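Structure first, then comments.
Where a number appears in this text, it was derived from the coordinates with a stated rule and is not lab data. Predicted model only: the values in this text are computed from it and were never measured. Positions of Cβ are generated from backbone atoms using ideal geometry, with glycine treated the same way; all protein chains shown enter the neighbour counts.
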Amino acid sequence: MTAITMGDDPGGQMVDMTVFTGERSMAGYRLNKLSASLIDPDNRAEFLVDEHAYCRRFELTAEETKLVIDRDWTGMVAAGGNVYVFLKIAATVGSNLLEVGAEMRGETLDQFMATRPPQAGSG
Amino acid sequence: MGQIVGGIGVSHAPSLARAYDQDKRDDPEWRDIFESYKPAAAWLEALQPDALVMVYNDHVNQFFFDAYPTFALGVAEIFAQADEGWGKRALPDLRGDTRLGWHIARSLVADEFDPTICQEMVVDHGVYSILPFLMAPPWETPIVPLAVNVIQHPLPTARRCFDIGAAIGRSVASYDDARVVVMATGGMSHQLHGPDFGHVNPDWDNEFLDLLESDPAVLCELDHSEYMRRGGAESIEVIMWLAMRGALGSAVRNIHRAYFAPMLTGYGLVCFEPG
C-alpha cells in the first residue's frame, strides 16, 4: 500500500466546514424546498413578484424568511441550507457563486478575488 | 461480449459551462485549460464508443431531499438538460441507451447493488458542464447515467463507488458486442460554503490522480472525513472517480492527464485504457 502524505501534516491547514448531514437536511428542509422550487421559471417569476408571499407558500418561519430576504447565505448554512440548493435563490435574484462565496468569507467580491491566483478566470 | 474500452475522470464545474458558452478558448486565463481537453476529445473520438456510462451527481435538480437516492440509474430514450435556476443553456438533450441501461440495471441488482431506476431524469452541470469539451454536440453517442449521492450524508463509501464501478465492468462484459466508455465527473478539491469557501489543495488532487492510476485500493480505504479535510467538504464528489477506476480492472494505462486549479475547484482530467 502506498503511503498518503498530503493532509497528514499536523501543521497543515484545517478546513472549516459544515457537513450536510441528515439532521441538517431535516432542519433546513423548508428552506431547501423553497430554494429547489426555483428550478421552475414560473416559480422564479412568482418569487420575484413577492418574496414574502413565496416564503409563506413554503411555510418558512419568520427567521428563515429573514434569511431569504436578507440573502444571508452564512445564516442559511447555519439553518440547514445546502449551498447547491440556495444557489438557486442567488440565480433567481441575479447573483452568482462568487458573490455568495465572498459573503460567506466576510469579504467583498474584490477582496475575495485578490486571494485567487493571478491567472484566475471568471469562476 | 461487451468491452470497457476507456475511462475518463474529469471535474465538473459551473465555471466550465460559462467558459464554454462565452467561448473563452482564446482568453489567456482559459487557453491552457481548453487545450488540455483536446487530446482527450480526440482520443475519445478515435475510440468510437457505442455508449457512455456517465457517473456523476445531481445537484438537487432531478432529486430533492423528499426522496434522495444513493445510486440512481437512468434508463430513458432522452435525458433533458436541467434548468438549475439560471435557465437552460443552448445545448441539445442527451440520448439514452435503454437496452444497455436495463441490462446494467438487471446485472447490478443481481450483483446485489440496488440502484433506483429512473425512466425520466433531467441531467445537470454534473454532465453538461464538461461533456461539450470532450465530445462536440449534438451528441450521437447514447449514455447510461448513474447519479450518486455525494451531497446529503450518509454517502456511499469510496469503496462502494469503486465496487459499483467494478460491477458495471462485469455487466458490460456480459453484454453483447459493444464498446463502452465509463466517464466519472466530480470536482476535485473545492469547498463552496462557509469561511473557507474557495479552499483548493492542488498537492492532494495530484496525489489522488497518482493513486487513482497506480493504487486505487488506498483511496478506497479513506473515510469521507479524510477526503473532506484534505480537499474541502464538497470535494467528496471525487469518490465518484473510483467508479470509473473500478470499471476498468486491475491495471490501467494512462493516456492523458491534466490538472489546473485557477479559481474555486481543482480541474482534473485523466484518460485511462484497460491493461
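Quick look at the numbers
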| quantity | calculated |
| --- | --- |
| Fewest-first sequence of B:102, B:241, B:43 by Cβ atoms within 10 Å of each Cβ | B:102, B:43, B:241 |
| Segment B:135-173 and segment B:182-255: distance between their alpha carbon centers, rounded to Å | 15 Å |
| Cβ charges +1 (Lys, Arg) and -1 (Asp, Glu), total dipole of segment A:22-94, debye | 140 debye |
| Inverse mean reciprocal Cα-Cα distance (Kirkwood Rh) of the protein assembly as shown, Å | 21.3 Å |
| Sequence-separation-based contact order of segment A:22-94, relative, with Cα cut under 8 Å and 6+ spacing, percent | 49 percent |
| Under the span-like rule (Cα at least 20 Å along the axis, Kyte-Doolittle mean at least -1.0), DSSP H helices of chain B | B:31-47, B:158-173 |
| Amide N of segment B:150-194 lying under 17 Å from the label point, which is placed 7 angstrom from the Cα of residue B:89 along Cα→Cβ | B:184-188 |
| Segment B:1-69 shape via C-alpha gyration tensor axes, a/c threshold 1.5 | oblate |
| Per-residue mean of C-beta atoms belonging to partner chains within 10 Å, peptide A:36-42 | 4 |
| Volume per residue that the Cα convex hull of segment B:132-275 spans, once the total is divided by residue count, Å³ | 123 Å³ |
| Percent antiparallel among DSSP beta bridges (both partners in the protein assembly as shown, rounded to 5) | 45 percent |
| Partners for residue B:38 among lysines (Cα-Cα distance below 16 Å; same-chain residues under 8 apart left out) | B:24 |
| For B:260, A:86, B:208, B:34, order by how many other beta-carbon atoms lie within 10 Å, fewest first | B:34, B:260, A:86, B:208 |
| Equivalent-ellipsoid semi-axes of chain B, from the Cα gyration tensor, Å, largest first | 24, 21, 20 |
| Whether segment B:52-180 is rounded, prolate or oblate, judged on the alpha carbon gyration tensor where a/c under 1.5 counts as rounded | oblate |
| A:55, B:161 arranged by Cβ crowding within 10 Å, fewest neighbours leading | A:55, B:161 |
| Peptide-level mean, for B:166-174, of C-beta atoms on other protein chains within 10 Å | 0 |
| Segment A:22-94: radius of gyration and largest Cα-Cα distance (Dmax), Å | 10.8, 33 |
| Peptide B:253-261 - average C-beta neighbours from other chains (10 Å radius) | 1 |
